[in-house]
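Engineer: Sharing a structure here in structure tokens format.
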Amino acid sequence: MTTEKDPLTLLDPHASNEPFPPVELAFTEPNGLLAFGGDLSPTRLINAYQSGIFPWYNPDEPIYWWSPDPRAVLYPEKIILRRSLRKSIRNKGYKISFDKDFSGVVQSCAAARTNSGGTWISNEMFMAYSQLFKLGVAHSVEIWNAKNELVGGLYGVATGGVFSGESMFSNERDTSKIAFIALAWHLQQWGYSLIDCQIENSHLTSMGAENIDRKGYLSILKTTQYFVHEEWSFDPECDLSHWLPNKG
């Protein structure tokens, strides 16, 4: 296990195909810090997600790469849909779409964090994940109100049978949760095994997220690596307000 005296691996920004160090070398504290440097090219990002690694850093910092242990995840079939959220889904008249406004979702996620004192979603990150979206690797979920305004959503990266959520936002109450519910419903129907929530937080825990160890997460990632789902589109026939027996 890496100790505080061990050096942090520096990645070459000119070598996108450079392999990451073994995730077992990640620091225990801070949780899962593995390497720094490199670049955000599609090749390196795809390699990172396939290896159970993701970038997370502030705009004035070098790129930091993480593989936390434990890992916060949510099994799509275990998501919790509470009664109050059912009412919002049923009564607010929201419309849901997939991959309709990826740029708008990422920009809204960044803006939401700027309003609360800062954001890690820099222009560099925006451009990098926009490239992944063009390659069909990154995806978004959008929530629209009756005025056709984008009021909630999330985005992330699909790797085999695992979807890694990157960020979400709400401009109206419960809209990020509705996006998450819609994501989980469709991922279950499509055959995905897991939603990677990366780091535990109370918002996701309240919806059914749980911690598993890194070894278990990597095992799921490996066993589902050849899973392919190409068409991301919202099913208008799904009724989220009645999905799952959990009454909350």
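Engineer: Using only Cα atoms, tell me the angle between helix 123-134 and the longest principal axis of the chain; keep it within 0 to 90° and round to the nearest 10.
Structural biologist: 70 degrees
Engineer: Would you mind telling me which residue in Leu11, Leu135, Leu221 has the biggest mean-square fluctuation in a Gaussian network model of the chain, where springs connect alpha carbons within a distance under 10 angstrom?
Structural biologist: In the Gaussian network model the winner is Leu135.
Engineer: Further, regarding this structure: What trypsin sites (Lys or Arg not before Pro) in segment 131-217 are in a loop by DSSP, with at most 12 other Cβ atoms within 10 Å of the Cβ?
Structural biologist: Loop-located and lightly packed - Lys147.
Engineer: Let me ask something additional. Can you tell me what share of the DSSP beta bridges in the chain is antiparallel? A percent to the nearest 5 is fine.
Structural biologist: Here the antiparallel bridges make up roughly 85 percent for the chain.
Engineer: In addition: Which residues in segment 144-178 place their backbone N less than 17 Å from a point set 7 Å from the Cα of Ala111 along the Cα-to-Cβ direction?
Structural biologist: 144-155, 167-176
Engineer: Taking the Cα centre as origin and putting +1 on Lys and Arg beta-carbons and -1 on Asp and Glu beta-carbons, what dipole magnitude results for the chain, to the nearest 20 debye?
Structural biologist: On the way: 21 positive and 28 negative charges, 227 e Å.
In total the dipole reaches around 1100 debye.
Engineer: Going by alpha carbons, how many degrees (0 to 90, nearest 10) lie between the helix axis of 175-190 and the longest principal axis of the chain?
Structural biologist: So the inclination is approximately 80 degrees.
Engineer: While we're on this one: Between the helical axis of 102-115 and the dominant principal axis of the chain, each derived from Cα atoms, what acute angle in degrees is found, rounded to the nearest 10?
Structural biologist: Taking the Cα atoms of the chain, the angle to 102-115 is about 80 degrees.
Engineer: Now for a different question. Quick one: grab the alpha carbon gyration tensor of segment 147-248, order the square roots of its eigenvalues as a ≥ b ≥ c, and give me rounded if a/c is under 1.5, else prolate or oblate depending on whether a/b is larger than b/c. Display every interim value, and only then the final one.
Structural biologist: Working: a/c = 1.66, a/b = 1.36, b/c = 1.22.
Taking the square roots of the gyration eigenvalues as a ≥ b ≥ c, segment 147-248 is prolate.
Values in this text are rule-based calculations from the coordinates and carry no lab data. For clarity, every value in this text was computed on a predicted model and none was experimentally measured. Here the Cβ is made from the backbone with ideal geometry for all residues, glycine too, and neighbour counts use every protein chain on show.
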